[in-house]
Amino acid sequence: QVQLVESGGGLVQAGGSLRLSCAASGRTFNSYRMGWFRQTPGKEREFVASIRMDGRITYFADSVKGRFTISRDNDKNMVYLQMNSLKPEDTAVYYCALKPIITGDPFTGYDYWGQGTQVTVSS
């Protein structure tokens, strides 16, 4: 099994920044992709960003391009989401996820999920 634990959420004013962290432990895979998703009450979970295991290929939702970056530290089994220029519409519970293969699209097929961390952006 894989355990994913997010941290770093909180309350921030619009225009501010936060960095989310995701600590991974447990089973390892030869190739995989890590992703961040978010969800607000009454809405489906939506893709935010993903990064391939080697860190070379990243994807971002259009709504966060230019403001968010995703990175990883394989030595520490950590994935980070740096969020800048935050907007009230970024308010959501943010989830870290792992996709145990790198084939296919980077938006679906994630089998392992963390518990989520709340991000609230005040106007």
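The values are calculated or read from the model by the stated rules, or taken from the named source; none is laboratory data. Because the structure is predicted, anything quoted here is derived from the model rather than measured. Using ideal geometry, Cβ is built from the backbone for each residue, glycine included, and neighbour counts are taken over all protein chains shown. With ligands, DNA and RNA removed, areas are computed over all heavy atoms of the protein, side chains included. Shrake-Rupley method; radii C 1.70, N 1.55, O 1.52, S 1.80 Å.
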*Give, as ranges by residue number, the residues of segment 7-25 whose backbone N falls under 17 Å from the point 7 Å along Cα→Cβ of Asn84.*
13-20
*Compute, for Lys99, the solvent-accessible surface of its heavy atoms (probe 1.4 Å) with the complete set of protein chains present, and express it in square angstrom to the nearest 10.*
10
*What share of all Cα pairs of the chain, in percent, falls into each consecutive 5 Å distance bin?*
2, 12, 24, 26, 20, 10, 5, 1, 0
*asked:* I want the local charge near Ile57. Using Cβ-Cβ distances under 14 Å, sum +1 for each Lys or Arg and -1 for each Asp or Glu among the other residues.
replied: +3
*Using the Karplus equation 6.51 cos²θ - 1.76 cosθ + 1.60 (θ = phi - 60°), what ³J(HN,Hα) coupling, rounded to whole Hz, does each residue of segment 17-30 give in order, writing x for Gly and Pro?*
9, 9, 10, 8, 10, 9, 9, 10, 8, x, 4, 10, 10, 6
*What residues qualify as long-range amide H neighbours of Thr91, i.e. H under 5 Å apart, gap of 5 or more or another chain, H built at 1.01 Å from N?*
Val121
_How much length would be gained if the chain were fully extended between Ser123 and Arg45, taking 0.36 nm per residue of separation minus their Cα-Cα distance, in nm to one decimal?_
25.8 nm
_Antiparallel DSSP beta bridges within the chain, as percent of all bridges there, nearest 5_ = 90
*Which distance in nm do the two modelled labels at Leu11 and Lys65 give, with both placed 7 Å along the Cα-to-Cβ direction?*
3.4
*Positive-end extreme of charge dipole, the chain - chosen from Leu4, Gly116, Met78 (charges on Cβ)*: Met78
*Average accessible area per residue (Å²) across the chain - probe 1.4 Å, nucleic acids and ligands excluded*: 53
*With charges set only on the Cβ (+1 for Lys and Arg, -1 for Asp and Glu), what does the dipole of segment 1-116 come to about its Cα centre, in debye to the nearest 20?*
140
_aspartates and glutamates whose Cα lies under 17 Å from that of Lys43, excluding same-chain neighbours fewer than 8 positions away_ = Glu89, Asp90
*Cross-link partners among lysines for Lys65, C-alpha distance below 19 Å, same-chain residues fewer than 8 apart left out?*
Lys87
*On a C-alpha basis, how far is the centre of segment 58-80 from the centre of segment 81-119 in Å? Whole number, if you could?*
9
*How much of the accessible area of the chain, probe 1.4 Å, is carbon plus sulfur, in whole percent?*
47
